[in-house]
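Q: This structure is in structure tokens; I'll ask about it shortly.
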């Protein structure tokens, strides 16, 4: 379900894709055949993914925002054999594109991360026994207990639980307004989608939406709920969505310009 896709009148599966409108972004298709490929660029191991697009006239190289992945697009499978060598010859260009991007932010003590659009500092509380929790007295803090080796995992687990709670609440409210039964919800970490809706498997959301402002999270929840009525991007779909979210353009614009930044949290350049 791409927010800019008018789409066919009826499909069986719709997804809300992250498609920032800048030239170095790409929508990687992670095929098993290219899993594990990487380049060493400026001392950093960079994942490389290959894609075939018959409309491409030549080999095309992209560097994805947020995920910092290199994607090589070839016009045919036959030309994929030259793709990795092509990327290797372009190491200086790749290094320059990576240098332009904001660096990854690991879930580590002292790191600043957005939670529902507000900056929180991760604070390690090794002797506490509460797992992870938010303290709002003074500066906003995400406190994490236990050994330092567990801070990253406990931080991500906490954010996923928080995302599920907020997305379930907003989705259920929108479903109630639409008069439809709330579907099964799943929380995942897709590279290119904020949400998807399928009659068979229900609604899936990216947990990274909990990093975005509440109005953006609510928009995605409403977008997917509206697909339970219209499994397309017809005019009727957009009219229905506008009854759930008065400001559609704002969140769509935010996802296009700032959404890619959410993918750098919880990542390491190592």
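The values are calculated or read from the model by the stated rules, or taken from the named source; none is laboratory data. Every value quoted in this text rests on a predicted model; they were computed, and no experiment measured them. Note: ideal-geometry Cβ built from the backbone for every residue, glycine included; neighbour counts use all protein chains shown.
Q: Give the residue that is surrounded by the most Cβ atoms within 10 Å (Cβ to Cβ), with candidates limited to residues of the range 104-138 that are under 18 Å from residue 259 (Cβ atoms) and out of contact with any strand residue (DSSP E or B) (no Cβ under 9 Å at 6 or more places or on another chain).
A: Checked the range 104-138; the qualifying residue surrounded by the most Cβ atoms within 10 Å (Cβ to Cβ) is 116.
Q: Read through the list (1) surrounded by 17 or more Cβ atoms within 10 Å (Cβ to Cβ); (2) touching a strand residue (DSSP E or B) at 6+ places or on another chain (Cβ under 6 Å); (3) not assigned by TED's automatic domain parsing to the domain that holds residue 149, then give the number of the only condition that residue 66 fails.
A: Every listed condition holds for residue 66 apart from (2).
Yes or no, residue by residue, for (1) under 30 Å from residue 155 (Cβ atoms); (2) free of Cβ contacts under 8 Å to residues at least 40 places away in the same chain:
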residue	(1), (2)
181	no, yes
188	yes, yes
209	yes, no
220	yes, no
248	no, yes
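Q: What do you reckon, is residue 83 over 28 Å from residue 218 (Cβ atoms) and either under 23 Å from the mean Cα position of the chain (by Cα) or part of a helix (DSSP H, G or I) (or both)?
A: Answer is yes for this residue.
Q: Something else about it: Does residue 199 satisfy being in contact (Cβ under 8 Å) with a residue 60 or more places away in the chain, over 19 Å from residue 105 (Cβ atoms) and surrounded by fewer than 17 Cβ atoms within 10 Å (Cβ to Cβ)?
A: yes
Q: Can you pull out the residues in the range 169-196 that are out of contact with any helix residue (DSSP H, G or I) (no Cβ under 8 Å at 6 or more places or on another chain) and under 24 Å from residue 111 (Cα atoms)?
A: Once the filter is applied, which keeps residues that are out of contact with any helix residue (DSSP H, G or I) (no Cβ under 8 Å at 6 or more places or on another chain) and under 24 Å from residue 111 (Cα atoms), the range 169-196 yields only 190.
Q: I'm told residue 259 meets every condition in (1) surrounded by 17 or more Cβ atoms within 10 Å (Cβ to Cβ); (2) more than 18 Å from residue 167 (Cβ to Cβ); (3) modelled with pLDDT under 95 except one. Can you identify the failing condition by its number?
A: Among (1) surrounded by 17 or more Cβ atoms within 10 Å (Cβ to Cβ); (2) more than 18 Å from residue 167 (Cβ to Cβ); (3) modelled with pLDDT under 95, residue 259 violates only (2).
Q: Identify the residue in the range 49-65 that is within 19 Å of residue 102 (Cα to Cα) and part of a strand (DSSP E or B) and, among all such residues, is farthest from the chain's Cα centre (by Cα).
A: 62
Q: For residue 10, are the conditions met, namely being surrounded by fewer than 16 Cβ atoms within 10 Å (Cβ to Cβ) and either modelled with pLDDT under 85 or at positive phi (or both)?
A: Spelling it out, residue 10 is indeed surrounded by fewer than 16 Cβ atoms within 10 Å (Cβ to Cβ) and either modelled with pLDDT under 85 or at positive phi (or both).
Q: Now, a different point. Name the residue that is nearest to the chain's Cα centre (by Cα), counting only residues in the range 236-251 that are part of a helix (DSSP H, G or I) and over 17 Å from residue 178 (Cα atoms).
A: Top of the filtered list is 251.
Q: Starting from residues that are touching a helix residue (DSSP H, G or I) at 6+ places or on another chain (Cβ under 8 Å) and farther than 14 Å from residue 266 by Cβ, keep the ones in the range 139-168 and report whichever is surrounded by the most Cβ atoms within 10 Å (Cβ to Cβ).
A: Here the answer is 167.
Q: Return the total of residues in the range 139-151 being farther than 21 Å from residue 214 by Cα and in a loop (DSSP other than H, G, I, E, B).
A: Selection size over the range 139-151: 2.
Q: Scan (1) outside any helix (DSSP H, G or I); (2) touching a residue at least 24 places away in the same chain (Cβ under 8 Å) for the single condition residue 261 breaks and write down its number.
A: Unmet condition: (1).
Q: Report whether or not residue 270 is in a helix (DSSP H, G or I), over 19 Å from residue 175 (Cβ atoms) and modelled with pLDDT under 95.
A: No, not satisfied.
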